[in-house]
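Every number in this text was worked out from the coordinates using simple rules, so none of it is lab data. If you're wondering where the values come from, they're calculated on a predicted model, not measured in any experiment. Here the Cβ is made from the backbone with ideal geometry for all residues, glycine too, and neighbour counts use every protein chain on show.
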Amino acid sequence: MRSYHVNSGAGIAGLTIKDHPDPRPGPGQVLVAVRAVSLSYRELMILRGDYVLPVKPDVVPVSDGAGEVVAVGPGVRTAKPGDRVTATLFPSWQDGPFGLQHLPQLGGSLDGLLTELALLDANALVPIPDHLSYEEAATLPCAAVTAWNALTGDGSGSLSGQTVVTQGSGGVSLFALQFAKALGARVIATTSSPAKAERLSALGADEIIDSRATPDWAAGVRELTSGQGAERVVDVVGDLGQSLRAVAIGGHVASVGFVSGQPPLLDPRAIFAAGAVVRGIAVGSRAQFLAMNQLIEAHRLRPVIDRVFPFDQAPDAYRHYASSSGETFGKIVITV
């Protein structure tokens, strides 16, 4: 089998491909023939050397993938050859709150899925919704679960009657838009592109704020909500100051990331002025993944894919993602 490998900080040029003997699953393990993987912002951080969690030397990168079980190890009763599966990014995080014991993660401290065959813990597997392809399912483990956690991880349940703000057209934001609409929310989406505004509206966004024409998009949210603000803001940019001005009193800001690169410093007085909860999101548990898939199946939701690359062109997929992340609309997928 063939696998890609990289060291933290080595950059895209550091991606190398190696041949290995086909592995055999041990007790509690399954062997998965990987069919597709997708790239998330964390993959670029690992190559830059500024990922916040440990990365082992010569790691097989990429946390998100989908494939077919081809063999199971002794004691495995929850999977069988032929099953279509994905896996949780944090394999040991089954349910409940996140903790230090769950830090081992695929594509970081554990080998990931940019490989033809992957050994995975049986307990980490999640069945693929029947209507999704392998390419679509490969987009779920990081971006989709993060969006689901951002919207429901505080136990809110239905979002009927609430207003949710999403930012841009990256993977987390598009999933948050789709999930929020399925859960009954009104969605205000921000974007700097008129062409993307049309696509966001087609996905269900109720209002669009052009963040280039209206840099103070928080004021735009206030205007669209009669001065009340939105009950929820999914912040992928890292501009928590604006998010706190856009959120309603007693609302919820899910701090997902900082794709802006250099987020502005936050004045702690902004948190008191907002009277809102700011919650950092670390993807989600297997239980959250399963609950999310129930919604995906019930509403026949489909992930948005920007472009698909073959396995032999994986470095090109990274380059495309790194050079045009502001221009993409949806996920970058690599087939295996």
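Some observations on this one:
- Cα gyration tensor category, rounded, prolate or oblate, for the stretch 206-269 with a/c compared to 1.5: oblate
- Local electrostatic count at residue 102 - Lys and Arg +1, Asp and Glu -1, tallied over other residues with Cβ under 11 Å: 0
- Using the Cβ-Cβ distance between residue 294 and residue 13 with R0 set to 35 Å, the FRET efficiency works out to roughly 0.25.
- Residue-averaged 222 nm ellipticity for the chain, from DSSP H runs of 4+ at -39500 (n - 2.57), nearest 500: -7500 deg cm²/dmol
- Cα convex hull volume per residue for the stretch 163-250 (Å³): 82 Å³
- Couplings for the stretch 52-63, taken from phi via the Karplus curve 6.51 cos²θ - 1.76 cosθ + 1.60 with θ = phi - 60°, read 7, 10, x, 10, 7, x, 6, 6, 7, x, 5, 8 Hz in order; Gly and Pro are left as x.
- Difference of contour (0.36 nm per residue) and Cα-Cα distance, residue 70 to residue 1: 23.5 nm
- Relative contact order of the chain, defined on C-alpha pairs under 8 angstrom at six or more residues apart (%): 18 percent
- Computed Rg/Rh of the stretch 60-218, alpha carbon atoms with Kirkwood Rh: 1.04
- Only one residue of 178, 284, 259 has its Cα farthest out toward the positive end of the dipole of the stretch 178-296, where Lys and Arg carry +1 and Asp and Glu -1 on Cβ, and that residue is 284.
- Cα-centre dipole for the chain with unit charges at Cβ (Lys and Arg positive, Asp and Glu negative), debye to 20: 240 debye
- Calculated P(r) of the stretch 1-57 - Cα pairs past 12 Å, %: 73 percent
- Karplus-derived 3J(HN,Hα) values for the stretch 208-219, using 6.51 cos²θ - 1.76 cosθ + 1.60 with θ = phi - 60°, are 10, 10, 6, 6, 7, 6, 10, x, 7, 5, 4, 5 Hz; glycine and proline are entered as x.
- With R₀ set to 22 Å, the beta-carbon distance separating residue 226 from residue 267 gives a calculated FRET efficiency near 0.25.
- Toward the positive end of the charge dipole of the stretch 28-96, with +1 on the Cβ of Lys and Arg and -1 on the Cβ of Asp and Glu, the farthest Cα among 62, 87, 47 is that of 87.
- Taken about its Cα centre, the stretch 115-232 carries a charge dipole of roughly 320 debye when the Cβ of each Lys and Arg holds +1 and the Cβ of each Asp and Glu holds -1.
- Between residue 78 and residue 219, the simple spin-label model (points 7 angstrom out along Cα→Cβ) gives 5.2 nm.
- According to the Cα-based calculation, Rg over Rh for the stretch 238-327 is 1.08, with Rh computed by the Kirkwood formula.
- Angle between the chain longest axis and helix 194-203 axis [Cα atoms, degrees, rounded to 10]: 70 degrees
- Working from Cα pairs under 8 Å separated by at least six residues, relative contact order for the stretch 182-336 is 14 percent.
- Dimensionless Rg ratio for the stretch 1-126, taking C-alpha atoms and the 2.2 N^0.38 Å reference: 1.03
- Inter-part distance where the stretch 259-336 and the stretch 165-200 are each reduced to a Cα centre, Å: 12 Å
- The angle separating the long axis of helix 171-182 from the principal Cα axis of greatest extent in the chain is about 70 degrees.
- Compared with the dominant principal axis of the Cα atoms in the chain, helix 286-299 is inclined by about 70°.
- Average 1/r across all pairs of distinct alpha carbons in the chain, invert it, and you get the Kirkwood radius: 20.2 Å.
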